[in-house]
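The values are calculated or read from the model by the stated rules, or taken from the named source; none is laboratory data. Note that the coordinates shown come from a computational prediction; the quantities given were computed from them, not determined experimentally. Cβ coordinates were reconstructed from backbone atoms using ideal geometry, including for glycine residues, and neighbour counts include every protein chain displayed.
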């Protein structure tokens with residue numbers, strides 16, 4: 001059993017926990033009190049053990065919830081799912097980080113970090129073969145930025161062999177609830193880049209627009225946004241929890257989506273996003289799902305993928321999906337998008353038989369198939385540029401810097417973080433450049449995996465997906481001899 005431990009940090013992370021575990025419980029037939037349906041006469045799969053562990057006749061989430069102030073965690077402690085979570089794994093401090101990275105990382109957060117690591121260790125002890133962590137937070141908040149950076153360093157030190165994936169709320173282009181958000185975002189990105197293997201970014205502005213435009217929700221709330229995001233998280237872990245012909249595990253996301261260690265920020269797209277009122281009119285073909293995921297307006301972060309080139313693309317199907325239809329849709333779409341030319345590329349495809357579940361009374365219509373696309377593309381470069389510019393405008397005047405220095409930071413850390421993020425911006429810009437000095441193969445393969453055995457399917461002219469059978473790893477490009 002390859003277990004996954006969830007770590008929810010700060011207000012954003014804890015609020016996402018409510019939506020994610022609500023959906024997990026529906027998918028595995030677990031009641032809000034933690035009692036599984038199969039104990040009440042029903043029958044469900046055993047895949048729940050990937051994210052839950054049994055104790056005292058109940059199923060308990062393999063999750064740690066942490067916030068430096070108690071109000072958001074208290075909502076779970078007193079809410080409908082209060083008996084689901086182990087109270088020992090819900091941690092709160094006495095004062096918040098005040099939207100200050102330094103308070104979350106140094107002063108206030110440092111006091112809670114060792115206790116948090118102890119709880120993570122206890123959850124890990126419930127696992128037989130832990131595959132990795134999935135972490136949830138916001139770039140802009142004090143706890144999500146500072147405390148997360150503190151914990152990530154310790155987790156990478158203690159659990160270096162496990163995969164570390166995160167879902168992070170990235171600063172929106174025009175919407176911000178915190179003035180010092182650029183500081184927090186740049187500082188946390190700089191601190192966590194070495195300690196996170198894959199970071200899936202989304203922003204509230206993009207999610208608001210998707211909910212308003214596609215779900216006909218005029219004034220979306222965080223509940224609307226988080227339930228949509230929960231579908232993405234569920235699809236990523238579905239391959240470990242349910243049977244499928246082409247299942248994908250956490251390690252493969254890192255292997256297939258991250259060409260270089262620092263370039264590990266894939267974009268997220270989900271389809272279909274159909275309101276209940278229009279469910280009967282939608283034509284949910286495999287081709288339509290793929291086309292929708294490549295539509296720039298459906299991306300969960302405000303960037304335009306047409307402005308960059310794809311380095312890797314992972315398509316995770318679930319439900320009633322035919323592999324042959326998937327292959328045809330991928331070949332058709334490949335002709336319309338641009339991949340980088342200096343490295344081998346391919347589409348990674350996962351197919352899981354379990355159709356998506358939906359919260360009763362929610363915004364999303366019940367459908368029999370769904371697709372999550374994870375794509376690493378240089379189109380995210382403008383998002384980093386936008387963040388760096390906002391940071392530079394404030395730091396040039398040293399605005400608000402004294403609040404950070406007063407909590408234990410040094411001003412030189414701002415400069416170091418700014419330079420590192422500029423380097424990341426250049427890394428992405430360079431990633432899309434073509435270099436004629438590279439040799440590249442002439443064929444493109446789509447990598448498929450059936451349980452532990454993988455096969456490759458040859459597609460039309462392009463680049464070639466090479467690697468040892470069963471690893472899915474890319475072969476490094478070779479330099480031409482002079």
Worksheet entry | Selection within the range 312-328 - buried (at least 23 other Cβ atoms within 10 Å of the Cβ) and closer than 30 Å to residue 430 by Cα | 312, 313, 315, 316
Practice prompt. Might you check whether a residue that is part of a helix (DSSP H, G or I), touching a strand residue (DSSP E or B) at 6+ places or on another chain (Cβ under 9 Å) and either outside the structural domain of residue 252 (by TED's automatic domain parsing) or at pLDDT 90 or above (or both) occurs anywhere in the range 350-372?
Written response: no
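Please find, among 136, 147, the residue that is assigned by TED's automatic domain parsing to the domain that holds residue 229, touching a residue at least 12 places away in the same chain (Cβ under 8 Å), surrounded by 24 or more Cβ atoms within 10 Å (Cβ to Cβ) and part of a helix (DSSP H, G or I).
On the way: 136 fails: part of a helix (DSSP H, G or I).
From the options 136, 147, the qualifying one is 147.
Yes or no, residue by residue, for (1) at pLDDT 90 or above; (2) under 21 Å from the mean Cα position of the chain (by Cα); (3) in a loop (DSSP other than H, G, I, E, B):
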site: 261; (1), (2), (3): yes, yes, yes
site: 264; (1), (2), (3): yes, yes, yes
site: 280; (1), (2), (3): no, no, no
site: 289; (1), (2), (3): yes, yes, no
site: 297; (1), (2), (3): yes, yes, no
site: 301; (1), (2), (3): yes, yes, yes
site: 311; (1), (2), (3): yes, yes, no
Worksheet item: Taking the range 239-264 on its own, how many of its residues are closer than 17 Å to residue 133 by Cα and in contact with a helix residue (DSSP H, G or I) (Cβ under 8 Å, 6 or more places away or on another chain)?
Response: 7
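Looking only at the range 252-267, which residues are surrounded by fewer than 22 Cβ atoms within 10 Å (Cβ to Cβ) and more than 15 Å from residue 196 (Cβ to Cβ)?
Taking the range 252-267 and keeping what is surrounded by fewer than 22 Cβ atoms within 10 Å (Cβ to Cβ), we get 252, 254-255, 258-264.
The answer is 252, 255, 259.
Based on this model, can you work out whether residue 401 counts as at pLDDT below 95 and not assigned by TED's automatic domain parsing to the domain that holds residue 184? So that I can check it myself, show each step before the final result.
Numbers: at pLDDT below 95: no; not assigned by TED's automatic domain parsing to the domain that holds residue 184: yes.
No: the conditions fail for residue 401.
Quick check on residue 165: is it free of Cβ contacts under 8 Å to residues at least 24 places away in the same chain, in contact with a helix residue (DSSP H, G or I) (Cβ under 8 Å, 6 or more places away or on another chain) and either within 24 Å of residue 292 (Cβ to Cβ) or outside any helix (DSSP H, G or I) (or both)?
Numbers: free of Cβ contacts under 8 Å to residues at least 24 places away in the same chain: no; in contact with a helix residue (DSSP H, G or I) (Cβ under 8 Å, 6 or more places away or on another chain): yes; either within 24 Å of residue 292 (Cβ to Cβ) or outside any helix (DSSP H, G or I) (or both): yes.
Criteria not met by residue 165.
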Discussion item. Taking the condition of being buried (at least 21 other Cβ atoms within 10 Å of the Cβ) and at pLDDT below 95, how many residues in the range 110-129 meet it?
Written reply: 0
Discussion item. Suppose we keep only residues that are touching a residue at least 40 places away in the same chain (Cβ under 8 Å) and in a loop (DSSP other than H, G, I, E, B) within the range 204-220. Which one would you say is farthest from residue 281 (Cα to Cα)?
Written reply: 217
Worksheet item: In this structure, does residue 201 turn out to be under 15 Å from the mean Cα position of the chain (by Cα) and touching a residue at least 12 places away in the same chain (Cβ under 8 Å)?
Response: yes
Practice prompt. Would you check if residue 256 is free of Cβ contacts under 8 Å to residues at least 24 places away in the same chain and either in a loop (DSSP other than H, G, I, E, B) or closer than 30 Å to residue 386 by Cα (or both)?
Written response: no
